[in-house]
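Asks: Below: one structure in structure tokens.
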Amino acid sequence: MNQKRHGIFIAALAMMAVWVSGCSMVDRLKARDHINKGVTAYKEEDYETAVKHFSAAAELDPELLTAKLYIAHAHRAQWIPGIPAASNTAKARQAIQSFENVLADDPANINALASIAGIYDGLDESDNAKEWYRKRIEVEPDNPEPYYGIGAINQRLSQRLTGQDGINVENLTEEELAQAQQYTDEGVKELEKALEIDPEYANAVEYLNLIYREKAYLSVDDNEREKWQRMASRLSLQVIELRRKQKLQEERERREFLKTQSEGQ
């Protein structure tokens with residue numbers, strides 16, 4: 001009798017396991033259906049509907065990190081960089097929070113780290129942007145992009161003080177001059193690091209050229225000023241050559257793609 005009851009108990013557990021597994025599978029299938037519908041809505045630029053579908057997917061399958069990432073991107077797509085309206089800024093904050101939700105499950109998610117840094121950069125919150133670029137560097141120290149991001153921010157911050165072509169330098173206070181010098185020093189360091197990793201990173205070369213010019217504007221010694229100007233001029237020529245090579249490569253890839261498409265028909 002005991003053996004019979006034990007057998008019934010085991011059978012019941014087995015049926016329960018199948019039932020639970022079945023419900024879980026159903027939920028997962030429903031979640032993926034919502035993902036597909038959300039992607040369709042996203043492509044149609046109906047971002048609010050996309051968020052609803054992605055949120056439903058995340059609720060049905062909490063382990064589906066893709067759903068949370070899609071939610072964040074759908075929020076980000078509703079934000080327009082450069083528009084300071086409170087409602088627009090709120091959308092950026094919402095996107096940041098959504099990407100942070102992704103990081104809560106996956107702290108090394110490059111997509112989320114890069115997106116948060118980019119949003120803060122677009123909001124012109126330089127300190128926050130640089131902080132998140134540095135967090136990205138901790139995860140992927142051999143990627144030149146976050147170094148470039150920090151360097152580009154520093155170039156812009158310096159130029160705000162020095163003005164176009166250094167026109168404001170003579171009017172800067174000692175504190176402002178020191179601040180501009182700090183921006184350029186850090187900018188050079190970060191951009192040169194980016195180019196150590198990828199010597200043909202055209203954007204980094206371009207901004208290093210610009211920040212060398214900033215250092216020339218800030219130089220009080222004629223020889224030092226000429227040195228920075230010469231270095232900047234050399235980089236200007238390098239940028240032109242890199243952009244030319246980049247266009248040639250893009251054209252080759254385009255032709256190869258068209259050839260592949262034609263052969264596949």
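Asks: How do I71, I83, I137 line up, fewest other C-beta atoms within 10 Å first? Could you put the intermediate results ahead of the total?
Replies: Working: I71 25, I83 12, I137 19.
Going from least to most buried by this count: I83, I137, I71.
Asks: Rank these for me by crowding, L29, L218, L191, going from fewest to most other beta carbons within 10 Å.
Replies: Ranking L29, L218, L191 by Cβ neighbours within 10 Å, fewest first, gives L29, L218, L191.
Asks: Pairs of Cα atoms under 8 Å, at least six residues apart: use those to get the relative contact order of the chain, whole percent.
Replies: So the answer I get is 9 percent.
Asks: Taking the beta-carbon count within 10 Å as an exposure proxy, list K245, K52 from fewest neighbours to most.
Replies: K245, K52
Asks: How far apart, in nanometres, would the label points at D185 and N101 be if each is projected 7 angstrom from Cα along the Cα-to-Cβ direction?
Replies: 4.3 nm
Asks: How large is the dipole of the chain about the Cα centre if only Lys and Arg carry +1 and Asp and Glu carry -1, each at its Cβ, rounded to the nearest 20 debye?
Replies: Roughly 1340 debye for the chain.
Asks: Right, something else. Given a Förster distance of 41 angstrom, what is the FRET efficiency for D222 paired with N111, based on the Cβ-Cβ distance and rounded to 0.05? Write down the numbers at each step before the final one.
Replies: Working: r = 48 Å, r/R0 = 1.17.
My answer for the efficiency is 0.30.
Asks: Among M25, A77, P141, whose Cα sits farthest toward the positive end of the charge dipole of the chain (+1 at Cβ of Lys/Arg, -1 at Cβ of Asp/Glu, about the Cα centre)?
Replies: Highest projection toward the positive end goes to M25.
Asks: Hey, what angle do you get for helix 2-43 against the long axis of the chain, alpha-carbon based, 0 to 90 degrees rounded to 10?
Replies: 40 degrees
Asks: Using each residue's phi in region 174-184, evaluate 6.51 cos²θ - 1.76 cosθ + 1.60 at θ = phi - 60° and report the 3J(HN,Hα) Karplus result to the nearest Hz, with x for Gly and Pro.
Replies: The phi angles translate into 4, 5, 5, 4, 5, 5, 4, 5, 5, 4, 5 Hz.
Asks: Just subtract the alpha-carbon distance of F257 and R230 from 0.36 nm times their residue separation and send over the number in nm, one decimal.
Replies: 5.6 nm
Asks: Count the net charge of all other residues whose Cβ sits under 10 Å from the Cβ of A152, scoring Lys and Arg as +1 and Asp and Glu as -1.
Replies: That sum, taken over residues with Cβ under 10 Å, equals -2.
Asks: Is it possible to state the helix-based mean residue ellipticity at 222 nm for the chain, with each DSSP H run of 4+ residues giving -39500 (n - 2.57), the sum divided by total residues, to the nearest 500 deg cm²/dmol? What is it?
Replies: Numbers: 10 runs with 219 residues, N = 265.
That calculation yields -29000 deg cm²/dmol at 222 nm.
Asks: Here is a further query. What nm distance separates the two modelled labels at A178 and E63, each placed 7 Å from Cα along Cα→Cβ?
Replies: 5.6 nm
Asks: Tell me, what is the FRET efficiency for I197 and L29 to the nearest 0.05, using R0 = 25 angstrom and their Cβ-Cβ distance as r?
Replies: So, using R0 = 25 Å, E works out to roughly 0.05.
Asks: Further question on the same structure: Quick check for me: using +1 on Lys/Arg Cβ and -1 on Asp/Glu Cβ, what's the dipole size of region 172-265 about its Cα centre, in debye to the nearest 20? The partial results should precede the final answer.
Replies: Working: 16 positive and 22 negative charges, 149 e Å.
Dipole size: approximately 720 debye.
Every number here is computed from the coordinates shown, using simple stated rules; none is lab data. None of the values given here were measured: they were computed from a predicted structure. A quick note on method: Cβ atoms are made from the backbone with ideal geometry, for glycine too, and the neighbour counts reach across all protein chains shown.
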